[in-house]
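The values are calculated or read from the model by the stated rules, or taken from the named source; none is laboratory data. Since the model is a prediction, treat every value here as computed from it, not as a measurement. Cβ coordinates were reconstructed from backbone atoms using ideal geometry, including for glycine residues, and neighbour counts include every protein chain displayed.
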């Protein structure tokens, strides 16, 4: 299981790492700290906070089960609310998919689609919305509406 935490972490829980009971009256929910792994999100930590983590406040974790983004199967992705993008955890390393324009990308939703599995990177991708409640406060000002973004991973920057 994967989850976004308010501490500025993405966390995974693997039940197979548990040494204690998994069922019955002794399985209280607090009995398996060894099942958790924490990954600090790739933003600085808040000033004066001494424990690991970051100032990120991801809302949601989505798992790309079918390689719709092109980085592999079962890759977890957090909504990078403070980093204005998507935070992808690939093999323990962060890939940040930042939206440079308009400033203020803040999503609470994403989903993937493979429209043409034979079209390579062009036939697949992740879709996410700007989910702010006040789009008129974003770059663009009054009249700015919500948008849907399509994220795709090219094999190299010049691929067409």
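Brief remarks follow.
- Subset of region 128-152 [at pLDDT 80 or above and either buried (at least 17 other Cβ atoms within 10 Å of the Cβ) or closer than 13 Å to residue 79 by Cα (or both)]: 128, 129, 130, 149, 151
- Within region 34-61, residues that are modelled with pLDDT under 85 sit with their Cβ atoms under 7 Å from residues that are not in a loop (DSSP other than H, G, I, E, B), at 6+ positions apart or across chains, in these pairs: 52/40; 53/9; 53/40.
- Selection count, region 121-152, where residues are under 17 Å from residue 64 (Cα atoms) and either free of Cβ contacts under 8 Å to residues at least 12 places away in the same chain or in a strand (DSSP E or B) (or both): 10
- Scanning region 61-79 for residues that are surrounded by 13 or more Cβ atoms within 10 Å (Cβ to Cβ) and closer than 20 Å to residue 154 by Cβ returns 64, 66, 67, 68, 69, 70, 71, 75, 77.
- Those residues of region 83-106 which are in contact (Cβ under 8 Å) with a residue 40 or more places away in the chain and in contact with a strand residue (DSSP E or B) (Cβ under 9 Å, 6 or more places away or on another chain), in sequence order: 83, 86, 87, 89, 92, 94, 96, 97, 99, 105
- Residue check, residue 125 within 24 Å of residue 78 (Cβ to Cβ), surrounded by 14 or more Cβ atoms within 10 Å (Cβ to Cβ) and at pLDDT 95 or above: yes
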